[in-house]
Amino acid sequence: MKVLCFGMGQAGGNVLDALLRYEQRTNADYVVDAVAYNTASADLRGLDLVPEENRILFGADEVSGHGVGADNELAAELAERDSRQLLRGTDGAPTSTADAFLIFAGLGGGTGSGAAPVLAKHLNRIYEQPIYGVGILPAADEGALYSRNAARSLKALVDVTDHVFAFDNGAWAESGEDVAQAHDTMNEVLVRRLGILFASGEVAESGTVAESVVDSSEVINTLRGGGISTIGYAASELPESDGGGGFSIKGLLGGDSSSTDELDSINRITTQTRKAVLGQLTLPCDVDSASRGLVVVSGPPEWLNRKAVERSRTWVEEQTGSMEVRGGDYPLSESNHVGVLVLLGDVSRSDRVAEIRSTAVEAEQNRRERIASDAADREDGTEAVVDDRLDSLF
Ligand SMILES: Nc1nc2c(ncn2[C@@H]2O[C@H](COP(=O)(O)OP(=O)(O)OP(=O)(O)O)[C@@H](O)[C@H]2O)c(=O)[nH]1
């Protein structure tokens, strides 16, 4: 599945850079072009793989390249004002070769949080392809302002995109890691999942193998209808003699390797499916609240047992209670792992999203009370200006 990628703000740019690195490392080719945007010029300079000419500074008239300092309303305003400049990011891009557009952003800060929905809205006006957000939720200990920004931005992004892949920083933070290192580790987790999802759709198109490979329309159909999705992934290393070579010691000794391998393959695939869903989701959620699912099993072709793939698919169907769970293979001849990726589309219950929402509502109430009391203190009777946007959260 070919994707045209946009990284908005610092987190957005970092994750995009990490995806490009992962694509390079795995010799894949699904990113048709990559564009990064920021209100802070230093953040754009810090990127590695996004081409220099595709790094776009906006809002410079107002903030002179110094960023918006977590003010996502200002970022949205600047993005709207500079929308032509944002769209210039697609000028040289081979837009017609993309199956989908992807906008990466941290939702807790200012630039990505405020400007990602604005960019999505403008791309939507012009292009036919589905537009997906990749929204990074702040950890709870990043404070109420980040939660408030994230709550608003998540809602705005869901409203203007065809789906939002959510990633919860809080669920993936390891205690004791410094922030930059933690971000790098989290970015790896996220891009591995996205990379496998997009690369698996490419195999079908190049026509190399098996009939049950996943194609891009299956990814798009799983995401159809919008909402928030989460992705789980788990992998198991194969015994050395089988790693990618396709032979087993038992087979060489004349033993019945095929039945052993079949059992082993079924066990590995079903176990990894459970692990992927029960403890490795990008956004922890109530699995039974998902509307649709997609299971992609990757590994050397001889390990991609049909029965196992079908069992995994059925298990995900049972867990989600959804009748719309697709399944397929992603053959990787050189791999020494069997991996299972599970995409759960349109999840409606997540403790973390509920927590962000309630912190946001509380922060908003405090703000209103403060404004109201400031207004009461003023004797001129000026009415408090309140923000009603949060009333409509989810
Ligand atoms: N997973 C991940 N999260 C990041 C990364 N960089 C920043 N964040 C998170 O993103 C949120 C802050 O958003 P940023 O992207 O830094 O902010 P910005 O969009 O550039 O906006 P301003 O700096 O406020 O203008 C916080 O929740 C950070 O923890 C990253 O590389 N990976």
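Below is a table of values for the structure above.
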item	result
Residue-span extension gain [ASP351 to SER289] - 0.36 nm each, minus C-alpha spacing	21.1 nm
Inter-label distance for ALA42 and ASN221, nm, one decimal - labels placed 7 Å from Cα along Cα-to-Cβ	4.9
Mean Cβ count within 10 Å, highest first, over the residues of peptides 153-163, 36-46	153-163, 36-46
Sites SER333 and ARG378 - FRET efficiency at Förster radius 45 Å, r taken between beta-carbons, to 0.05	0.05
Relative packing of 76-85, 170-179, which averages over residues the other C-beta atoms within 10 Å, highest first	76-85, 170-179
With every protein chain in place, the chain: carbon and sulfur % of accessible area (1.4 Å)	46
Listed residues GLY109, MET1, LEU20: farthest to the positive end of the dipole of the chain (Cβ charges)	MET1
Unit charges on C-beta of K, R, D, E only; dipole of the chain, Debye	560
Among beta bridges that DSSP assigns inside the chain, antiparallel share in %, nearest 5	30
Residues ASP91 and GLU240, FRET efficiency given R0 of 35 Å [Cβ-Cβ distance, rounded to 0.05]	0.10
Distance between modelled label sites at ARG368 and ASN124, nm, 7 Å Cα→Cβ extension	2.6
Tilt relative to the chain, helix 144-160 - C-alpha long axis, 0 to 90 degrees, to 10	70
Computed magnitude of the charge dipole of the stretch 3-206 (debye, nearest 20; Cβ of K, R +1, Cβ of D, E -1)	340
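The values are calculated or read from the model by the stated rules, or taken from the named source; none is laboratory data. The structure presented is a predicted model; accordingly, all values stated were derived computationally and were not measured. Cβ coordinates were reconstructed from backbone atoms using ideal geometry, including for glycine residues, and neighbour counts include every protein chain displayed. Calculation scope for accessible area: heavy atoms of the full protein, side chains included, ligands and nucleic acids excluded. Shrake-Rupley method; radii C 1.70, N 1.55, O 1.52, S 1.80 Å.
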